[in-house]
Amino acid sequence: AGPIRFASSATYPPFEFMDKDNTITGFDLDLAKALCKEMKTECTYSNHAFDSLIPALKFRRYDAIISGMDITAERSKQVLFSQPYYANSAVLIVRKGTLTSVDQMKGKKVGMENGSTHQKYMNEKHPEIKTVPYDSYQTAVIDLKNGRLDAVFGDTAAVNEWLKTSPELVTLGEHITDPAYFGAGLGIAVQQDNAELMNKINTALDAIKKDGTYQQISHKWFPQ
Ligand SMILES: NC(=[NH2+])NCCC[C@H](N)C(=O)O
């Protein structure tokens, strides 16, 4: 067997992004590397657009997806998910001094990544809000800053990262954890018929949680 081919959409710091040297990095990458070390397997890491990650996995271009991906019932019809490796919630961000309550979002434009659970949630739960799909969250945040969007909706952990470098942005409203849309956390996905690899990944996850490697990686990317 060849290396395990991991794919991530590297536009979502701190989970996955391109560093200054154009190398794919982040919490998910460190986690995948620790798992590969634990499994004593060679692995490769590729950058791929979020909305076609699952199709590319199904076409066997990759063996595994690690991409800040929510474990949802709908995706579980197409892929096999690992145990959750990170708890998630979602939140809106706006420019400071603009909107102060979610009720004011009616008719406003909110951006999110195409194919994300955030997009589906907004479309179904808030038809009164206009959703604008983006290839990546990075572009959506740029458009929020320059006024083309009124808000962006994403994972709290990713949003917190954008807020660090964008003092003009602020969260709006409560953190949302609707399991019908956001599932029970983030998971690694493999092809549905690859239970063998999934067992290895879950066993390796248990091992790196037990020996402290997971906590070390988590502390590096999510310092408290
Ligand atoms: N690497 C990324 N761009 N990830 C976006 C993930 C968004 C959201 N957590 C989802 O599962 O739909």
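Only the coordinates and a few stated rules stand behind these numbers; no lab work does. From a predicted model like this one, the values you see are computed outputs, not experimental measurements. Methodologically, a virtual Cβ is constructed for each residue, glycine included, from the backbone with ideal geometry; neighbour enumeration extends over all protein chains shown.
In terms of the mean number of neighbouring beta-carbon atoms within 10 Å, the peptides 115-121, 48-54, 206-212 order highest first as 115-121, 48-54, 206-212. Projecting the Cα atoms of PHE81, TYR121, GLN104 onto the charge dipole of segment 2-125, computed from C-beta unit charges around the Cα centre, puts GLN104 farthest toward the positive end.
Under a model in which nothing but the beta-carbon of Lys, Arg (+1) and Asp, Glu (-1) is charged, segment 79-162 shows a dipole of about 300 debye around its Cα centre.
Coupling constants for segment 187-200 follow from the phi torsions by the Karplus curve (6.51 cos²θ - 1.76 cosθ + 1.60, θ = phi - 60°), and in residue order they are x, 8, 10, 10, 4, 4, 8, 10, 4, 4, 5, 4, 4, 4 Hz; glycine and proline get x. Bridges between two residues of segment 92-192, per DSSP, are antiparallel at a rate of about 45%.
Across the chain, Cα pairs under 8 Å and at least six residues apart give a relative contact order of 29 percent. Among the aspartates and glutamates, which have Cα under 15 Å from the Cα of LYS164 when same-chain residues fewer than 8 positions away are ignored? Output for LYS164: ASP155. Each label point was placed 7 Å from the Cα along the Cα-to-Cβ direction; for ASN114 and THR98 their separation is 2.2 nm. For segment 211-224, backbone phi angles converted through the Karplus equation (6.51, -1.76, 1.60; θ = phi - 60°) give residue-by-residue couplings of 8, x, 4, 4, 4, 5, 5, 4, 5, 4, 9, 10, x, 8 Hz, Gly and Pro being listed as x. Computed on segment 39-194, the Cα convex hull volume stands at 119 Å³ per residue.
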